[in-house]
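Working notes, structure below.
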Amino acid sequence: MISFLDLKEINSHYELDFQEKVKTFLNKGRYILGDEVKSFEKHFASYCGTKHCIGVGNGLDALVLIFKGYIAVGKLHKGDEVIVPANTFIASVLAILQADLVPVFVEPDIETYNIDPDLIIEKITQKSKVILAVHLYGQLAEMDKINAIALAYDLLVIEDAAQAHGTILDNKKAGNFSHAAAFSFYPGKNLGALGDGGAITTNDYELAEVLFSLRNYGSTIKYKSEFIGVNSRLDELQAAFLNVKLPQLDDDNESRRTIAKRYLLKIKNDKIVLPIWDWSNNHVFHLFVIRTKKRDDLQQYLLENGIQTVIHYPIPPHQQKALKEWNYLSLPITEMIHQEVLSLPISPVLTIDEVDFIIKTVNKY
Ligand SMILES: *Cc1c(COP(=O)(O)O)cnc(C)c1O
């Protein structure tokens, strides 16, 4: 059986370095916001090309804290509207709601699966304050167009870069195309910890100062609280593991692109729609997503042939029970995507033989 994502295999390559880190960690006895977190924040900011990086508990909290940070500095207010792609992972929407803001769903472009910039302007109202751009599946959203709209309408731009660590356009990395960006280090992401983790990148000094405080009870000086903060710090041990893995990220992304290239050149099946990619580094293939009319049938066929696949995602946010208020919406492109998408295995540890077996099996369908 070819598993969708063999995390154990991925992390086994770092085992000795991890053991070294754990040993140092135990010897030091500093468990919260120690040198490993500081070092990771410094190196991840430098990797993304941003002035600041704030380590937090997970990707969802990274988004929530960016919103709360902008509320704390007075740039956002309760009830403000946030424009968000309708086909994103539910966490993007949960973050908006947890910050007492209002999601406004915009359909994606069917070729890129990212928010369709041409559909944004018609959704802008007096209450619009933010565009939340999601780099879905690892491909950069159309940031030049999004930023131009934001400039014209005086909106903040926030990136959900949870699937896009290391995505590059014109020498600039995901996380550096907006006012602030959220990353997740959930184990399955392109840069994954061995547990939960997240980070915010920004060039906004004022926001960064607030975020260092908000993630830690609203306090930077012990027992002195300036904001109604939360407890969402990047864990010291996870930061240590991430420090080991970060130097490998670019090579890992290159391996993913090599596999994607092979899929794109060799999968030939009229029943299947392949992702569109211009071979540039503006995609890190967190997921390789194909589309087909009888998706569940294809998934079953692949499983019977020893290939595990996953659906990202089976139900769009506006049709989730949790989001009853938005269940009335009709978003045909989003709904079609959720019925047709299937993610093939892709990861730095997938072998070329496995890739070729997947290609052969898909072509026979
Ligand atoms: C994974 C993910 C998140 C949430 O990250 P967690 O660390 O799991 O909280 C948010 N947005 C997107 C697009 C994601 O893929």
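What follows is calculated from the coordinates using simple rules that are stated; it is not laboratory data. Keep in mind that this is a model prediction, so the values were computed, not measured. As a convention, Cβ positions derive from the backbone with ideal geometry for all residues, glycine included, and neighbour counts pool all protein chains shown.
In whole Hz, with x marking every Gly and Pro, tabulate ³J(HN,Hα) for region 167-178 from phi via Karplus 6.51 cos²θ - 1.76 cosθ + 1.60, θ = phi - 60°.
5, 10, 9, 6, 6, 10, 9, 3, x, 10, 10, 7
Note down the net charge around Pro187, summing +1 for each Lys or Arg and -1 for each Asp or Glu among other residues with Cβ under 14 Å from its Cβ.
Taking every Cβ under 14 Å from that of Pro187, the sum is -2.
Could you tell me the distance between the Cα centroids of region 67-103 and region 230-294, to the nearest Å?
Answer, in whole Å: 26.
Between region 183-218 and region 43-66, what is the C-alpha centre distance in whole Å?
4
Could you check the spin-label model distance between Glu209 and Ile333? Points 7 Å from the Cα along Cα→Cβ, value in nm.
4.1
Just rank Tyr328, Tyr313, fewest to most, by other beta-carbon atoms within 10 angstrom.
Ordered by Cβ neighbours within 10 Å, fewest first: Tyr328, Tyr313.
Taking amide H positions as placed in the peptide plane 1.01 Å from N, state which residues far from Thr167 in sequence (5 or more) or on other chains have amide H under 5 Å from it.
Amide H to amide H, under 5 Å and 5 or more residues apart or across chains, Thr167 pairs with Ala174.
Express the Stokes-Einstein translational diffusion coefficient of region 1-148 in µm² s⁻¹, to the nearest whole number, given a Kirkwood radius over alpha-carbon pairs, 20 °C and a viscosity of 1.002 mPa s.
Stokes-Einstein gives a translational diffusion coefficient of 117 µm²/s.
Counting Lys +1, Arg +1, Asp -1, Glu -1, what net charge surrounds Gly218 among other residues with beta carbon under 11 Å of its beta carbon?
+2
Using the Kirkwood radius over Cα pairs, work out the Stokes-Einstein diffusion coefficient for region 244-365 at 20 °C and 1.002 mPa s, in µm²/s as a whole number.
Working: Rh = 15.8 Å.
This corresponds to a translational diffusion coefficient of 135 µm²/s.
Taking Cα pairs under 8 Å and at least six residues apart, what relative contact order does region 150-216 come out at, in percent?
RCO, region 150-216: 25 percent.
How far, in nm, would the chain grow between Gln300 and Lys123 when pulled straight, counting 0.36 nm per residue and subtracting the alpha carbon separation?
Value of the extension gain: 59.8 nm.
Would you list the P(r) distribution for the chain, with all Cα-Cα distances sorted into 10 Å bins from 0 and each bin expressed as a whole %?
Percent of Cα pairs in each bin: 5, 24, 32, 25, 11, 2, 0.
If the reach is capped at under 21 angstrom between alpha carbons, list the lysines near Lys129, excluding any in the same chain fewer than eight residues apart.
Answer for Lys129, where 21 Å is the Cα cut-off: Lys68, Lys75, Lys78, Lys145, listed by chain and number.
Evaluate 2.2 N^0.38 Å with N set to the residue count of region 144-206, then give the Cα radius of gyration divided by it.
Compared with the compact-globule rule of thumb, region 144-206 sits at 1.22.
Sort all Cα-Cα distances of region 310-364 into consecutive 5 angstrom bins from zero, then give the percent of pairs in each bin up to the one containing the longest distance.
The percentages, shortest bin first, are 4, 17, 17, 16, 13, 10, 9, 9, 5, 0.
Tell me which of Trp326, Asn269, Thr258 sits at the most positive position along the dipole axis of the chain, charges placed on C-beta atoms (Lys, Arg +1; Asp, Glu -1).
Selected residue: Trp326.
Between Lys261 and Lys145, what length comes free when the chain is fully extended (0.36 nm per residue of separation minus the Cα-Cα distance, one decimal in nm)?
Taking 0.36 nm per residue and subtracting the Cα distance, the gain is 39.1 nm.
At a threshold of 8 angstrom on Cα-Cα distance, excluding pairs fewer than six apart, so keeping six or more, what relative contact order does region 49-183 reach in percent?
In percent, rounded to a whole number, it is 23.
Which value in nm describes the separation of the simple spin-label points at Tyr14 and Ser225, placed 7 Å from the Cα toward the beta carbon?
It is 3.4 nm.
Quick one: of Lys189/Lys293; Lys23/Lys224; Lys266/Lys293; Lys293/Lys364, which pairs are farther than 22 Å apart, Cα to Cα?
With Cα atoms farther than 22 Å apart: Lys189/Lys293; Lys23/Lys224.
Cα-based Rg (one decimal) and Dmax (whole number) for region 227-267, in Å?
17.5, 55
Once you list every other residue whose beta carbon is under 14 Å from the beta carbon of Lys294, what net charge do they have if Lys and Arg are +1 and Asp and Glu are -1?
0
For the chain, what is the calculated [θ] at 222 nm in deg cm²/dmol (nearest 500), taking -39500 (n - 2.57) for each run of four or more DSSP H residues and dividing by its residue count?
Value at 222 nm, helices only: -11500 deg cm²/dmol.
Whole-Hz ³J(HN,Hα) for each residue in region 325-341, computed from phi via Karplus 6.51 cos²θ - 1.76 cosθ + 1.60 with θ = phi - 60°, x for glycine and proline: what do you get?
Couplings: 4, 10, 4, 6, 4, 10, 10, x, 5, 4, 5, 5, 4, 5, 7, 10, 7 Hz.
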